[in-house]
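To start, the structure under review is shown below, and the notes come after it.
The values are calculated or read from the model by the stated rules, or taken from the named source; none is laboratory data. As the structure is a computational prediction, the values presented were derived from the model and not from experiment. Note that we place each Cβ from the backbone using ideal geometry, even for glycine, and neighbour counts take in every protein chain shown. Areas reflect the complete protein model, heavy atoms only, side chains present, ligands, DNA and RNA absent. Shrake-Rupley method; radii C 1.70, N 1.55, O 1.52, S 1.80 Å.
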Amino acid sequence: MKQDWLNEVDRVFATVPPLDREVGGCTRCHAEEDLRMLGGDPAVISDELVESFMGEVVDHWDEDQYPLLWRRLMPRVLRYLASDAPAGDPARELRGLASYGAGFVDWPAPERTATERAFAALLTVALTDGRPAECVAGLVEGLAHAIGDLRPWLDRLADLPGHEADAGLVRLACHWSINMLWEEDLFTWWYDGDPQVLVDWLPTQRDRIASFATKHRCKTAADTVVAIDRLRAGEPSPWFYHGAEDFFMRDLDPKVRQSVVWAAS
């Protein structure tokens, strides 16, 4: 349950030591008062300031303080991510946990364990609550920043049972596979991310997606199976790239273009 992992996070991170001096950060991005707040009691920091800290680039903070700031704020970060409608982008906000930033993989083992349990719970909710696939994909990318690897989170997605998980997996696999066929960039902020990991993983979910397509007569699932097969075979997309209609129609005579629009209506 949500409260269980939040209580565990609170317990584990209660022993994180305080900072040895005032927070050193970019005063063009944060007011002096904000920096003082970040160095004080995490419980009284606003969600807006937590979000702003997460989104700021790593080199705008004192290097030696940055990991400790993240550790002190982690219970607040997780509550922000678990809120009903966080306004931010986890792919951007969690990138600071990477090895070049807060170095999450080097944190004390109890803190890593509690955080990864919380991350897994957040991912479960994201896949099963019906949110858009691109939002789930952004969370997966953000979690990959923390540990430097997609595969454990993909394994987590694959192991989730139930109809809601099946439906969420279909949406997510459709998003990933079709965008790869269109040669879109899948990772907005994870510059070391390797799309081949997804190319290799998606076929492992083909039977599950095909079964969903048959059982529910789901066109999204059926299209996803086609996309996965095309990716595996190295074949191009069977669908026009989104926005391609404008590219092909822009030079047409206006009367011809209008007739095409009416015919497609």
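The table that follows gives values for the structure above.
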{"read-out": "Where a residue in the range 232-250 is closer than 18 Å to A173 by Cα and its partner, wherever it lies, is modelled with pLDDT of 85 or more, with Cβ under 6 Å and at least six apart", "value": "R232/P203; S237/L181; S237/W182; Y241/W182"}
{"read-out": "Every pair of residues 6+ apart whose Cβ atoms lie under 7 Å, when the first sits in the range 67-87 and is surrounded by fewer than 21 Cβ atoms within 10 Å (Cβ to Cβ) while the second is of a type in the set (K, R) and at pLDDT 90 or above", "value": "none"}
{"read-out": "Yes/no for G162 being without any contact (Cβ under 8 Å) to a residue 40 or more places away in the chain and crowded, with 16+ Cβ neighbours inside 10 Å", "value": "no"}
{"read-out": "Unmet criterion (only one of (1) out of contact with any Ser or Thr (no Cβ under 8 Å at 6 or more places or on another chain); (2) within 14 Å of A114 (Cα to Cα)) for D64", "value": "(2)"}
{"read-out": "Given (1) assigned to a loop (DSSP other than H, G, I, E, B); (2) more than 20 Å from A146 (Cβ to Cβ); (3) open to solvent by less than 60 Å² (accessible area, probe 1.4 Å), number of the condition V16 does not satisfy", "value": "(2)"}
{"read-out": "Residue match in the range 106-121 (condition: closer than 23 Å to F187 by Cβ, open to solvent by less than 50 Å² (accessible area, probe 1.4 Å), part of a helix (DSSP H, G or I) and in contact with a Ser or Thr (Cβ under 7 Å, 6 or more places away or on another chain))", "value": "no"}
{"read-out": "Filter result for the condition that a residue is closer than 28 Å to Q65 by Cβ, open to solvent by less than 20 Å² (accessible area, probe 1.4 Å) and either among the acidic types (D, E) or within 18 Å of the chain's Cα centre (by Cα) (or both), over L172, L139, L154, L127", "value": "L139"}
{"read-out": "Within the range 197-247, tally of residues that are modelled with pLDDT of 95 or more, open to solvent by less than 40 Å² (accessible area, probe 1.4 Å) and among the small types (G, A, S)", "value": "4"}
{"read-out": "Which listed residue, of A133, A126, A158, A98, is over 30 Å from T214 (Cα atoms) and in contact with a helix residue (DSSP H, G or I) (Cβ under 7 Å, 6 or more places away or on another chain)", "value": "A98"}
{"read-out": "Residue under evaluation W61, criteria (1) under 14 Å from A126 (Cα atoms); (2) among the hydrophobic types (A, V, I, L, M, F, W, C); (3) open to solvent by 10 Å² or more (accessible area, probe 1.4 Å), criterion not met", "value": "(1)"}
{"read-out": "Candidate set: the range 47-57, residues that are open to solvent by less than 40 Å² (accessible area, probe 1.4 Å) and outside any loop (DSSP other than H, G, I, E, B); chosen: the one modelled with the lowest pLDDT", "value": "G55"}
{"read-out": "D10 vs. criteria under 24 Å from Y191 (Cα atoms) and either touching a strand residue (DSSP E or B) at 6+ places or on another chain (Cβ under 6 Å) or open to solvent by 20 Å² or more (accessible area, probe 1.4 Å) (or both)", "value": "no"}
{"read-out": "Qualifying residue in the range 30-46 (condition: over 21 Å from F13 (Cα atoms), open to solvent by 20 Å² or more (accessible area, probe 1.4 Å), part of a loop (DSSP other than H, G, I, E, B) and in contact with a strand residue (DSSP E or B) (Cβ under 9 Å, 6 or more places away or on another chain))", "value": "no"}
{"read-out": "Residue in the range 62-76 that is under 21 Å from T188 (Cβ atoms) and in a helix (DSSP H, G or I) present", "value": "yes"}
{"read-out": "When residues of the range 3-18 are limited to those that are aliphatic (A, V, I, L, M) and touching a helix residue (DSSP H, G or I) at 6+ places or on another chain (Cβ under 6 Å), the one nearest to W61 (Cα to Cα)", "value": "V16"}
